[in-house]
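Readers should treat all values here as calculations from the given coordinates under stated rules, not as data from a laboratory. Just so it is clear, the model here is predicted, and its values are computed rather than measured. Neighbour counts are summed over all protein chains in view; Cβ atoms, including those assigned to glycine, are modelled from backbone coordinates with ideal geometry.
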Amino acid sequence: MFTLVFAIIGVATGDLRWWGASAVTGTAWWVWDLLVEHVLEPLEEWVVQVASGGSLGGGVGGDRPSLDETIAYLERHLERPTSRQVDINSAIRLEEIYRTVKKDPGRARAVIRTVRERYPDAPELERFGPFEE
């Protein structure tokens, strides 16, 4: 508001000091807007999230994927092979979930067997030992 008023007075009087006052107030508003948008608002969101029991890391929407979503995500990696390392890591995580959380050792062995057929020389899979049919 003051920026505009000072600019109008500067035009009406032809005095450069009013133009300077207009520039100073305009710059002050611009700096304030920048500070609020890029510092204070993100800081407020972070404080509210931490105070309400959210995680510090955030993520998409601040929510962690459910166990079923994680399983589906890892299984998609194995259905459509991507890279050797991604496939092996996905299989190891899935095996661990099936064995310890879902209490399904048969499915856990099947996941490792699938990746072992794809990558028989993978040293990461040696710790699982041989599986007998």
Take the range 93-133 and flag every residue that is part of a helix (DSSP H, G or I) and of a type in the set (Lys, Arg). Arg93, Arg99, Arg107, Arg109, Arg113, Arg116, Arg118, Arg127
So Arg17 clears everything in (1) farther than 24 Å from Arg127 by Cβ; (2) of a type in the set (Lys, Arg); (3) loosely packed, with under 11 Cβ neighbours inside 10 Å except one condition, right? Which one? (3)
Which residues, taken from the range 68-87, are farther than 15 Å from Tyr98 by Cβ, in contact with a Lys or Arg (Cβ under 9 Å, 6 or more places away or on another chain) and outside any loop (DSSP other than H, G, I, E, B)? Arg84, Asp87
